[in-house]
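Everything on this sheet refers to the single structure shown next.
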Amino acid sequence: MSSVTDFLVNFLPGFVLALMVIILSAVIFPFAARRILGFMGDRLGPNRVGPQGLLQPFADFLKLFIKEDVTPSQAHRMLFLLAPAVALVTPMLTQVVIPFGEDYTIADLNIGLIYIVAVGAFSVLGMLIAGWASNNKYSLVGGLRSAAQMISYEIPLILTIVLVAILTGSLSLNKVVIAQDSVWFAAIQPLAFIIYVIAGVAELNRTPFDLPEAESELVSGYITEYGGMRFAFLYGLVEWGNVTVWAMAGSTLFLGGWRGPFFNSSIWLAVKVLAMVLVIIWFWATFPRLQIDQLMAFAWKVLIPLSLLNLAATSAFILIWPDNFLLPTAILSWALIALFILFFPRIVRRILLNTRLKLLATRRMTTVISGTGKGGIRS
Amino acid sequence: MGDFNQFFFILLSVVILVSAACVVLFKNLIYSALSMIGSFLGVAGIYILLHAELVAAAQVLIYVGAISVLVIFAIMLTHHRTGDLSLYFHKQAWIALPVCAVAGITLMVIMGSAAYNAVGEAQNPTDENIASLLFNEYAFPFELVSLALLVAMIGAVILAKKEKS
């Protein structure tokens with residue numbers, strides 16, 4: 001029987017901690033996002049309930065909790081109720097391997113990095129089930145889009161995680177943090193870090209990759225049919241929980257986790273998580289939404305080749321200089337990123353110019369042939 | 001510890017068997033696909049009980065994350081209707097029955113033999129062992145498999161392109 005009590009003693013604190021992290025993020029981040037978006041858009045944002053609107057999340061939750069729990073009559077009831085629970089598995093279980101502090105990890109698995117990727121599968125599943133069970137075309141299209149997008153962007157994400165594993169020489173997240181004793185991996189591998197951020201934003205379906213929830217065309221994607229408490233669950237706990245967990249994994253992999261200047265504590269982890277979430281909100285206020293073809297082209301033609309190149313070069317450097325590979329890989333990565341920033345906009349501009357010229361030519365042709373045009377694109 | 005493992009083993013076995021039966025018995029294809037996921041997860045749990053965490057993670061990553069999602073994707077994208085009869089009243093059931101019986105009896109005979117029961121000790125951690133075997137002893141088959149996957153991918157791309165033109 002002692003093993004059962006052991007299990008409970010190990011399990012319960014971890015469970016409560018993971019749940020608290022997700023609930024806190026669901027309370028803080030939607031409100032923070034609205035206030036920050038307001039600030040960036042030169043608006044006020046919600047500032048009426050309590051000082052500076054700080055009680056707004058509680059008012060929102062109260063409202064959502066006392067709403068009637070509606071299941072659409074044509075929905076598949078069992079799956080409709082099951083989907084949010086499946087989707088919550090990812091944010092809950094990912095936290096198991098993340099080192100919260102110097103001596104606290106819920107379970108330090110020696111396959112932590114693979115585990116994070118494996119657990120991510122459940123959120124795709126939850127979205128697909130929610131989209132299908134709602135029996136609504138917007139939900140279905142939203143679910144399918146998010147699944148397609150997440151599968152595409154998982155490849156560059158996994159390639160950057162593999163890079164971290166190679167640099168560390170281990171799959172355990174605790175060892176990843178220890179390996180960043182002297183310098184963060186974000187400084188050694190800025191390219192990998194940027195690819196992680198971009199692929200993560202796409203994986204979380206945030207702007208500019210929020211096609212699955214494009215409100216002007218799909219209402220809210222797979223969440224459309226969910227209301228009241230279930231909406232709060234899916235939008236608050238699952239979506240923002242995923243954002244938090246992504247930020248936790250990112251700050252552990254690239255920003256040194258709980259390590260920081262002056263003292264080592266989980267406060268640093270919290271600060272880094274807040275910074276990464278702030279970046280996501282900043283993107284939200286800054287970038288317009290991409291089209292689906294641009295999204296896929298960016299993943300397959302830019303991110304995957306870049307991360308493969310980075311991975312191959314880094315592994316080669318580690319083979320050549322097995323003892324002090326940090327400096328060469330850092331130089332390479334910074335050089336790659338400089339080249340990327342210098343030449344990528346030019347290439348994109350040239351491609352855009354060419355497509356516009358082609359479009360212009362074809363339009364002129366069709367107007368000449370059909371005879372309906374009144375001067376083509378210029379008028 | 002033994003009782004605890006035994007309890008989880010029985011629980012997981014029940015999950016695997018029930019969900020595997022549900023795959024065949026459900027009339028709705030989506031329900032079948034979802035119970036297939038339950039069965040895969042149960043197998044992953046068995047791997048964890050055997051201290052093969054890497055294999056369990058790979059099981060979840062590949063079977064739940066990739067294959068099941070692909071199956072559900074295919075079902076959702078194609079127009080389907082719920083069948084009048086579930087699959088076990090299908091005509092092919094009569095062919096499947098003897099095949100399953102032969103396979104089952106063969107498995108039982110193999111598992112009953114002495115050579116099978118002489119299981120080695122569980123090695124922990126497994127990831128290093130697997131990696132060193134994969135990249136030293138079995139490097140050639142490993143590369144061959146990756147080549148086969150590449151060929152399959154290129155083939156899929158070509159097939160998808162042909163359909164458009």
Checklist (1) closer than 16 Å to A:G169 by Cβ; (2) modelled with pLDDT of 85 or more applied to A:W321, failing item: (2)
For segment B:1-50, what are the residues that are hydrophobic (A, V, I, L, M, F, W, C), under 27 Å from B:A131 (Cα atoms) and more than 11 Å from chain A (Cβ to nearest Cβ)? B:V43, B:I46, B:L49, B:L50
Scope segment B:31-49; condition aliphatic (A, V, I, L, M) and within 18 Å of A:A87 (Cβ to Cβ); matching residues: B:A33, B:L34, B:I37, B:L41
Give just the number: which of (1) modelled with pLDDT of 85 or more; (2) crowded, with 24+ Cβ neighbours inside 10 Å does A:V197 not satisfy? (2)
Need the failing condition index for B:A118 against (1) modelled with pLDDT of 80 or more; (2) under 30 Å from A:I111 (Cα atoms); (3) away from every other protein chain (no Cβ under 11 Å), just the number. (1)
Having 1 or more residues that are in contact with an Asp or Glu (Cβ under 6 Å, 6 or more places away or on another chain) and away from chain B (no Cβ under 12 Å) is the bar; report the helices (runs of 4 or more DSSP H) wholly within segment A:135-200 that clear it. A:137-168, A:173-179
Residues of segment A:57-91 being in a helix (DSSP H, G or I) and polar (S, T, N, Q), in sequence order, are A:T90
Tally up the residues in segment A:151-160 that are closer than 17 Å to B:L70 by Cα and either free of Cβ contacts under 8 Å to residues at least 40 places away in the same chain or surrounded by 24 or more Cβ atoms within 10 Å (Cβ to Cβ) (or both), please. 2
Taking segment B:51-78 and keeping only residues that are more than 8 Å from chain A (Cβ to nearest Cβ) and polar (S, T, N, Q), one is left with B:Q59, B:T78
Looking at (1) buried (at least 17 other Cβ atoms within 10 Å of the Cβ); (2) part of a helix (DSSP H, G or I); (3) within 17 Å of the chain's Cα centre (by Cα), which one does A:L278 not meet, given that it meets all the others? (1)
Taking segment B:77-115 and the residues there that are under 30 Å from A:L128 (Cα atoms), more than 21 Å from the chain's Cα centre (by Cα) and not in a loop (DSSP other than H, G, I, E, B), the one that is modelled with the highest pLDDT would be B:L77
Among the residues of segment A:276-317, the number that are of a type in the set (G, A, S) and free of Cβ contacts under 8 Å to residues at least 40 places away in the same chain is 4
Within segment A:97-121, can you find the residues that are within 12 Å of another protein chain (Cβ to nearest Cβ) and under 20 Å from the mean Cα position of the chain (by Cα)? A:V97, A:G112, A:L113, A:I114, A:Y115, A:I116, A:V117, A:A118, A:V119, A:G120, A:A121
Tell me the residue from A:F231, A:F209 that is more than 20 Å from A:Q149 (Cβ to Cβ) and either of a type in the set (A, V, I, L, M) or at pLDDT below 85 (or both), please. A:F231
Cβ pairs under 7 Å, 6+ apart, first in segment B:3-14 and over 16 Å from B:A56 (Cβ atoms), second part of a helix (DSSP H, G or I) and aliphatic (A, V, I, L, M): B:F4/A:V4
Those residues that are in contact (Cβ under 8 Å) with a residue 40 or more places away in the chain, farther than 23 Å from A:V277 by Cβ and of a type outside the set (A, V, I, L, M, F, W, C), I need them from segment A:161-205; list them, please. A:S170, A:S172, A:N174, A:D181
Could you run through segment A:234-260 and say how many residues are surrounded by fewer than 20 Cβ atoms within 10 Å (Cβ to Cβ) and assigned to a helix (DSSP H, G or I)? 1
In segment A:80-96, is there at least one residue being away from chain B (no Cβ under 13 Å), under 25 Å from A:S220 (Cα atoms) and either more than 26 Å from the chain's Cα centre (by Cα) or polar (S, T, N, Q) (or both)? no
Condition (residue is in a helix (DSSP H, G or I), among the hydroxyl-bearing types (S, T, Y) and touching a Ser or Thr at 6+ places or on another chain (Cβ under 6 Å)) applied to segment B:10-28: is it met by at least one residue? yes
Those residues of segment A:262-275 which are touching a residue at least 40 places away in the same chain (Cβ under 8 Å) and among the hydrophobic types (A, V, I, L, M, F, W, C) amount to A:L269
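The values are calculated or read from the model by the stated rules, or taken from the named source; none is laboratory data. Predicted model, so just to flag it, every value in this text is computed and none were measured. Backbone-built Cβ (ideal geometry, glycine too); neighbour counts: all protein chains shown.
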